[in-house]
Every structure is written in C-alpha cells, then in structure tokens.
Amino acid sequence: MNSWINLHALWEIVVVGLLAGAGLPALFAVGLRALSLPGSRGQAGNGGQVGEERIVGGSVPGMVAAGLCFAVVLAGLGWGIYYIVAGS
Amino acid sequence: MTDCQRPGQLCRQCLDRAGSAGEPGCVGNDFLLVLVVVTALAFDFTNGFHDTGNAMATSIATGALGPRVAVALSGLLNLVGAFLSLSVAATIASGLVDTNLVTLTVVFAGLAGGITWNLLTWFLGIPSSSSHALIGGVVGATLAAAGGHAVKWHGLFQKVIIPAGLSPVIAGLIAAIGTYLVYLISRRVSEGARGHGFRIGQIGSASMVSLAHGTNDAQKTMGVITLALIANGTLHSGAKAPFWVILSCALAISIGTYTGGWRVIRTLGKGLVEIEAPQGMAAESSSAAVILLSSHFGYSLSTTHVATGSILGTGVGKKGATVRWSVAGRMATAWLLTLPAAGAVGAAGYGLAHVVGGTAGVLVDLAILLAVAGLIYAKSRATAVSHSNVNSEWTGSVAPSAPVKEVAAV
C-alpha cells in the first residue's frame, strides 16, 4: 500500500486500541457504578456522602452486573498477556 | 594483546582491523566483547530506571501504590515480562543498520551515546525515549564507521521515526476518549468511592504497562548483545539470543526499574497534568493497549512517548484539568533531539576510539563515559528527588522547591 506507513496496521492499532484502551476502563466505570447502587435494605447513612470510600452499595443486581463487568475487564487483561506470550 | 583466536572464520573485528593500515591481526577480541556486554547491561539498567515512570508515575501520584511498593512491583513485572516473549530480540539492529558493517567498537560507541543521553535527560527530569537513545547511538556510530549506505534509512523512517510521531497522538486520543467516558459513566458515584475503585483498577493497568515494558525494552538490549556476539563471530548471524543474555538483560532492566527514576516519575506524575485515579487508569490502559498492539506489528515504539501521550490525553479528556503545555513542549523538544544527540555522541565515540585505535580507543571512550556519568550523578545529588519527595507540589521544576527534611529520616 504505502511503503512509509502501514495503513492497515495503523487502522487496527487505533480501533483495537480504542476498544481495549478506552473501552475497558469505561466498562470498569460501569462496573463501579453498578456496584455503588444503593441496596434495598436502606443504608442511608452510608450512601451518598462525599468523601465516603465505600465502594459496595448493596444492591444485588448491581453487584451481579458489576461482577460481569469486572470479569470482562479481567478477560481483557488475560488477552493482553496472551498477546505478549503468543509472539508480539 | 593476543592474536585473533579464530583466524579462519569470518571475524568482523579482523576485517575492520585489516582496513586500517599497520595493525596486523585482531587484538583484544574477547576483552572487548566483555566490555561491550557489560556496557549493554549498563544501558539496560538506565533504560529501566529512566522508564519506571511510564508505568508507575500516575499510580504513585494518585496514591494507588506507595512509591516503594510501586517500583518493586514494576521491577518484578519487568523481570517477568522479559521472559514472556523472545521473538523480536534481534530486530532493533538488523532492521536499521547493515549488520555486516557493524563492529564491536560501533556497538560500544552506540551504547555510550544511548547511556549519555539517558543520564542527561534523567537529570533534567525529561521522560525521553530510551529506545530512541539506543537507536540514535547505534545509527550515529554506524554512520561514522561505515557511512550513509550502512544505514537502512527506509527502515529507520518506517519503523522508528513515523511511529514516533504517530504513537503519542494515538495514545493521547485513546486516553482522552477513555477519560471522558470514565468520568461520564461514574459521575453519580461518590467521589471517595470512585477514587477508591479506580485506584484498585490502576494497579491492574499499571501492571500491564510494566509487563509490556519488560517485554519490549529488555529485548532491545538482548538484540544489541546478540548483535555484538555476532559481530565478534561468537554466534552465527541469525542466531537467537542465548539464555544467559536473556537472564542478564531481564535482571538489569528489573534492577534499574526498582531503583526508580524519581526525577522522571515526578515530571510525569505531577508536572505534566494534575492527575486523579480515573485519569490514571485511563492513561495506563491506553498505554498498555498501544504498546502491545504496536509491538505486534514490529514497530520499535517508545514506551515513553506512548505513556506521555496518554497522560497528556487524560488531561485533555477531563473538563477543567490542568495541562502544563510548557512542560509538554520541553519534552517534545527533547524527543526531537534524542535521535540526533545520541547519534552525535555515538559518532564522536566511534571517531575517538578509531583515532586512538583498537582496545585502547574503546577504553578511552569508557573512561570519558564513566567521568560524564559520575559528573551527572554528583550534580543530581544537589537537587535529589527520591521516594520521599516525589509527590511534592509542582513548582515549575523537577527539584522540589523546599529541601525536604524527611529525606534524612527515611
């Protein structure tokens, strides 16, 4: 194609890079958001205080969704390591 | 002075000597080889401590990891990373210069150029590329030794210079989008919980960058040592790096990383952008992704350029974040200078060694290199940056303004 720039490689680096480099942190943020959803048992005292470091809000569906998100992020990390070992 | 031990074989040192009149045979072959290997490992060490910040600066700045824990983790992962993949070890030199024209003296002079530039930029706290310093040094020394035809200019542009221009932009773009998304999604999470969560995430993403760094940069030195072994006739051309080379390079880069280039860490973590944990995780994820993908395509990417681009990107991607463009400008200037400056030192080193001649010439180079390194180290003590003051408020320079009393206590 172009002997100075491999456009195919460039395109792939940008697209896959966006998915892994921006997508995974975004998914991590989704997981964090889900995890912080307040639970049904009412933890008003702990909920929305500024400076509160509690991550787990207590909502069961939220925790399940968060678990899924974090699992995908971990799978992404595993894929990255596999990518190195398989001959980068 | 011994005669060449392999007179029958193709020994480049002999060919080199044969070219210069009045010097029969080949002198100090194995001594020179040992010298080159040790210098290469010294370069690997500077590569490690110069680049600790690429992976760990943001984690240290946000407090996700304590400074000393961070450098220990990064050092360990660099060690592991160096063993993970061995496929690109020889590409750095063979793709850029004509290996048939490379002698041990050329390799030594190239390494001297790389080390000098690494130490100088470390002293100034500028995160410049160790890979470019090495490539610049080797190319400069090759130019001085054999002339322009020995350098594969097309390879140099295609594999080094153009990626060097593009990679920080791509990394910055990805990091900016990642940062924007992360803040958008987590805007309803309380600030404390968000900081806590992302500090945990940062540890994972910073670990990936460390691992990728070990894989990439340790192999560059492995490639140089392999090149020296081939140039000496110890290995056949096309041979793979022997195990002792892999092990010693892995250890050198790992120990270097553990030593921690606090001056560079400070610039990256505090000087460029005031960074929060979500930005840190976005920056490191972007860095890890770009480094891994690019090395897959065989680009001798600079992890430093990528990491710096990412950190700038997170500053752009977050509303109201402070980006110190003057610091970024200083860095960009240093990046432009890296190849020619390291090349000039490499060429001068080769010239001097050639004029003096033989092993003595290399020893003269070595003495100068040691003197310069000692001088820079001595000067750095006056404005020491260490794990205890690395996070001090940025006041416009690498050295924290007030002398920190805790230094003596720790």
### Query
B:Lys240 fails exactly one of the following numbered conditions: (1) buried (at least 21 other Cβ atoms within 10 Å of the Cβ); (2) within 14 Å of another protein chain (Cβ to nearest Cβ); (3) closer than 30 Å to B:Gly95 by Cα. What is the number of that condition?
(1)
### Summary
Screening A:Gly48, A:Gly42, A:Gly21, A:Gly31 for residues that are in a helix (DSSP H, G or I) and either at pLDDT below 90 or over 20 Å from B:Pro163 (Cα atoms) (or both) leaves only A:Gly31
### Query
For the range B:229-303, which helices (runs of 4 or more DSSP H) that fit wholly inside it have 1 or more residues that are under 18 Å from B:Leu79 (Cα atoms), of a type outside the set (S, T, N, Q) and at pLDDT 90 or above?
B:243-259, B:277-296
#### Entry: Test: residue in the range B:381-390 that is surrounded by 14 or more Cβ atoms within 10 Å (Cβ to Cβ), among the small types (Gly, Ala, Ser), over 22 Å from the mean Cα position of the chain (by Cα) and within 29 Å of B:Val71 (Cβ to Cβ)
yes
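Tell me whether the range B:123-130 contains one or more residues that are among the aromatic types (Phe, Trp, Tyr), assigned to a helix (DSSP H, G or I) and buried (at least 24 other Cβ atoms within 10 Å of the Cβ).
Kept after step one, since they are among the aromatic types (Phe, Trp, Tyr), are these residues of the range B:123-130: B:123.
Now narrow it down to the ones that are assigned to a helix (DSSP H, G or I): B:123.
So of that shortlist, the ones also buried (at least 24 other Cβ atoms within 10 Å of the Cβ) come out as none.
Checked the range B:123-130: no residue is among the aromatic types (Phe, Trp, Tyr), assigned to a helix (DSSP H, G or I) and buried (at least 24 other Cβ atoms within 10 Å of the Cβ).
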### Query
Does B:Ser210 fit the bill of being within 17 Å of the chain's Cα centre (by Cα) and touching a residue at least 60 places away in the same chain (Cβ under 8 Å)?
yes
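Yes/no per residue for (1) touching a helix residue (DSSP H, G or I) at 6+ places or on another chain (Cβ under 9 Å); (2) assigned to a helix (DSSP H, G or I); (3) farther than 23 Å from A:Tyr82 by Cα; (4) free of Cβ contacts under 8 Å to residues at least 40 places away in the same chain:
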{"site": "B:Phe43", "(1), (2), (3), (4)": "yes, yes, yes, no"}
{"site": "B:Thr46", "(1), (2), (3), (4)": "yes, yes, yes, no"}
{"site": "B:His50", "(1), (2), (3), (4)": "yes, yes, yes, no"}
{"site": "B:Ala55", "(1), (2), (3), (4)": "yes, yes, no, no"}
{"site": "B:Ile60", "(1), (2), (3), (4)": "yes, yes, yes, no"}
{"site": "B:Leu65", "(1), (2), (3), (4)": "yes, no, yes, no"}
{"site": "B:Val69", "(1), (2), (3), (4)": "no, yes, yes, yes"}
{"site": "B:Gly75", "(1), (2), (3), (4)": "yes, yes, no, no"}
{"site": "B:Gly81", "(1), (2), (3), (4)": "yes, yes, no, no"}
### Task
With the checklist (1) away from every other protein chain (no Cβ under 14 Å); (2) buried (at least 24 other Cβ atoms within 10 Å of the Cβ); (3) of a type outside the set (S, T, N, Q) in hand, flag the one item B:Gly233 doesn't pass.
(2)
### Query
Which members of the range B:155-170 meet the condition of being under 19 Å from the mean Cα position of the chain (by Cα), in contact (Cβ under 8 Å) with a residue 24 or more places away in the chain and facing chain A (nearest Cβ under 8 Å)?
none
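The values are calculated or read from the model by the stated rules, or taken from the named source; none is laboratory data. Keep in mind that this is a model prediction, so the values were computed, not measured. When we count neighbours, we look across all protein chains shown, and the Cβ atoms used for this are built from the backbone with ideal geometry, even at glycine.
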